[in-house]
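Student: Before I ask anything, let me first share the structure, which is written out below as structure tokens.
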Amino acid sequence: MQSIWNHETEFSKREALKGRIETDTAVIGGGLAGVLIAFFLQQQGIPAVVLEANRIGSGQTRNTTAKITCQHGLIYDKLIRQFGIERARQYALANQSAIETYRRIVQEQHIDCDLETLPAYLYSNADPDALRREAEAANRLGIAADFTMDTALPFPVKGALRFDNQAQFHPLKFLRHIADHVTIYERTSVQTISGNTIQTKHGTVHAKHIVFASHFPFVNFPGLYFARMHQERSYVVALRQAQRLDGVYLGIDANGISFRNAGNLLLLGGGSHRTGLNTDGGQYATLRHHAQKWYPNSTEIAYWSAQDCMPIDGIPFIGQYARSKPNWFVATGFQKWGMTSSMVSAQLIGDLIGGKHSEYAAIFSPQRFRLRASAKNLSANIRQFTKGVLTSTFAIPRSTPTTLPVGCGKIVSVNGKRVGAYKDSSGTVHLVSARCPHLGCALAWNPEERSWDCPCHGSRFDYTGRLISGPAQTNITLSDKIQTKPQ
């Protein structure tokens, strides 16, 4: 279950950090955002190192659909209403600049990463008026957007919104080249941070500036990012012998489907849901149903999933981590638009650390708070957190490990305590803690991917309890295993 990007790209191994080093800037996270930030700093002559807990690009970068666009769903009409036209224009210009900067870097560095310029479409079979309002808003901000009925989709639509001069590429080919210009330590998980000192398992980094580019910030206080974001999962299938499209497409209706070509393949994406709220599964089955309906002669050659941080007001947090930490910076909350947001982060944080003025800083500032834009999602996050903590504390299930069918995971009771249990094909039951070590929320079984997921903040663990992704920093393994006869 690996992406096509991962299949096609290998990175040179880097050594883990050992001993003590000093640098101007330490960037935590070796995905596209972290590596680009370090690249931009070094282009300014500012020494920077990247600390990656696993391998370069091993997190969310390898699972993207890799669209480079300033068209981020129905965003601009909302931004104008909630933040005003000047802030909305900052967002638009920052993302337009990100697209052009990718083109410039690819050209200057002679990077072979399948970069293509093409239009991006939003489409609807339910509400074309929303597309017309979005077109009007985008044009007010200087983005050429045209309402149209003409698409290359395999079904009719009630309307579509076209943005020209957008892009797509192979994210790992691009990242591999950029990474060769940056000092990166792999297998270097950050354990603690105190002031300007970062402690890893085998080394220490003293840095004037620290940048959190690790997808979801794992330091809870200050910043409170766990209260200002949740995470969502989405799914992709790659098809051979499917139709070639004229651009990238995203449906704005409920359960809308994303389309993009990648060479001779077509990527279908969708099935978004809050991480931890997928107990019934079926997301891949839905995509495969669509593939069979629209492209009956196609063949699936890969499938994978992605995870995105969703900020409460719909705008990434890029800038100073917290007022009390003037030398800490953060890049997170990219929603479904990690490629353009990574470049925006590199430009903005590069300017801030380099002492330059950025015209985009205000709209992305992590210190912002607009109640009107945030209230609904903030309330939902608080309710989910409260439910998760209460469930993990008081809800004792009646099921026991021995009643589990093969291939199933469930919260069960062991000696009167909540425990996660999964029975593998040999009949061995793997027991894990049912409580997320991040902030104590109840975990839920994800049958789609055989993982334990946290509905509160999105941490994920495999069925043996090994940490897949944070903000949690530790495993949920238990020493117990139960051997039963396969059923």
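Student: I'd like the full set of residues that are touching a residue at least 60 places away in the same chain (Cβ under 8 Å), small (Gly, Ala, Ser) and closer than 22 Å to His215 by Cβ, limited to the stretch 417-458.
Tutor: Ala444, Gly458
Student: Do the conditions hold for His209, that is, is it more than 23 Å from Met310 (Cα to Cα), open to solvent by 10 Å² or more (accessible area, probe 1.4 Å), modelled with pLDDT of 95 or more and not aromatic (Phe, Trp, Tyr)? If you could, list the steps in order and put the result at the bottom.
Tutor: Numbers: more than 23 Å from Met310 (Cα to Cα): yes; open to solvent by 10 Å² or more (accessible area, probe 1.4 Å): yes; modelled with pLDDT of 95 or more: yes; not aromatic (Phe, Trp, Tyr): yes.
Answer is yes for this residue.
Student: Further question: Quick one: which residue in Gln107, Gln96 is in a helix (DSSP H, G or I), open to solvent by 20 Å² or more (accessible area, probe 1.4 Å) and closer than 27 Å to Gly256 by Cβ?
Tutor: Gln96
Student: Take the stretch 17-41 and flag every residue that is more than 25 Å from the chain's Cα centre (by Cα) and over 14 Å from Ile210 (Cβ atoms). If you could, list the steps in order and put the result at the bottom.
Tutor: To start, the set of residues in the stretch 17-41 that are more than 25 Å from the chain's Cα centre (by Cα) comprises 17-24.
Answer for the stretch 17-41, where residues must be more than 25 Å from the chain's Cα centre (by Cα) and over 14 Å from Ile210 (Cβ atoms): Leu17, Lys18, Gly19, Arg20.
Student: Turning to a different aspect of this structure: Among the candidates Asp164, Asp146, Asp112, Asp150, single out the residue that is open to solvent by 50 Å² or more (accessible area, probe 1.4 Å), of a type outside the set (S, T, N, Q), in a loop (DSSP other than H, G, I, E, B) and touching a strand residue (DSSP E or B) at 6+ places or on another chain (Cβ under 8 Å).
Tutor: Answer to the check: Asp150.
Student: Here is a follow-up. If you scan the stretch 233-288, which residues turn out to be open to solvent by 20 Å² or more (accessible area, probe 1.4 Å) and of a type in the set (A, V, I, L, M, F, W, C)?
Tutor: Ala242, Leu250, Ile252, Ala254, Leu277, Ala285, listed by residue number.
Student: Given (1) open to solvent by 10 Å² or more (accessible area, probe 1.4 Å); (2) assigned to a strand (DSSP E or B), where does Pro296 come up short, assuming only one miss?
Tutor: It fails just one condition, (2).
Student: Evaluate the following for Arg244: is it charged (D, E, K, R), over 16 Å from the mean Cα position of the chain (by Cα) and in a strand (DSSP E or B)?
Tutor: Judged against the criteria, Arg244 is not a match.
Student: Turning to a different aspect of this structure: Suppose the filter is more than 30 Å from Gly355 (Cα to Cα) and either free of Cβ contacts under 8 Å to residues at least 24 places away in the same chain or outside any strand (DSSP E or B) (or both); does Thr117 pass it?
Tutor: Numbers: more than 30 Å from Gly355 (Cα to Cα): yes; either free of Cβ contacts under 8 Å to residues at least 24 places away in the same chain or outside any strand (DSSP E or B) (or both): no.
For Thr117, the condition - more than 30 Å from Gly355 (Cα to Cα) and either free of Cβ contacts under 8 Å to residues at least 24 places away in the same chain or outside any strand (DSSP E or B) (or both) - is not met.
Student: Output the qualifying pairs, or none if there are none: Cβ atoms under 7 angstrom, residues six or more apart or on different chains, first residue in the stretch 264-277 and closer than 9 Å to Arg233 by Cβ and part of a strand (DSSP E or B), second residue of a type in the set (Ser, Thr, Tyr) and at pLDDT 90 or above.
Tutor: Pairs that qualify, where the first residue is closer than 9 Å to Arg233 by Cβ and part of a strand (DSSP E or B) and the partner is of a type in the set (Ser, Thr, Tyr) and at pLDDT 90 or above, are Gly271/Ser234; Gly271/Tyr235; Gly271/Thr286; Ser272/Ser234.
Student: Within the stretch 167-179, which residues are part of a helix (DSSP H, G or I) and not small (Gly, Ala, Ser)?
Tutor: Pro171, Leu172, Lys173, Phe174, Leu175, Arg176, His177, Ile178
Student: Considering only residues that are open to solvent by 30 Å² or more (accessible area, probe 1.4 Å) and not aliphatic (A, V, I, L, M), which ones fall in the stretch 115-141?
Tutor: Across the stretch 115-141, the qualifying residues are Glu116, Thr117, Asn125, Asp127, Asp129, Arg132, Arg133, Glu136, Asn139, Arg140.
The rows are residues; the columns are (1) modelled with pLDDT of 95 or more; (2) over 21 Å from the mean Cα position of the chain (by Cα); (3) open to solvent by less than 30 Å² (accessible area, probe 1.4 Å).
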| residue | (1), (2), (3) |
| --- | --- |
| Ala322 | no, yes, yes |
| Met339 | yes, no, yes |
| Ser342 | yes, no, yes |
| Ile349 | yes, no, yes |
| Ile353 | yes, yes, yes |
| Glu359 | no, yes, no |
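Student: If we scan the stretch 81-88, do we find a residue that is assigned to a helix (DSSP H, G or I), open to solvent by 60 Å² or more (accessible area, probe 1.4 Å), touching a residue at least 60 places away in the same chain (Cβ under 8 Å) and in contact with a Leu (Cβ under 9 Å, 6 or more places away or on another chain)?
Tutor: yes
Student: May I pose another question? If you take the residues in the stretch 192-209 that are in contact (Cβ under 8 Å) with a residue 12 or more places away in the chain, assigned to a strand (DSSP E or B) and not small (Gly, Ala, Ser), which one is nearest to Gly19 (Cα to Cα)?
Tutor: Thr204
The values are calculated or read from the model by the stated rules, or taken from the named source; none is laboratory data. Note that the structure is predicted; figures quoted are calculated from it, not measured. Neighbour counts run over all protein chains shown; Cβ positions are idealised from the backbone, glycine included. Accessible surface is based on the protein model in full, side chains and every heavy atom, while ligands, DNA and RNA are left aside. Shrake-Rupley method; radii C 1.70, N 1.55, O 1.52, S 1.80 Å.
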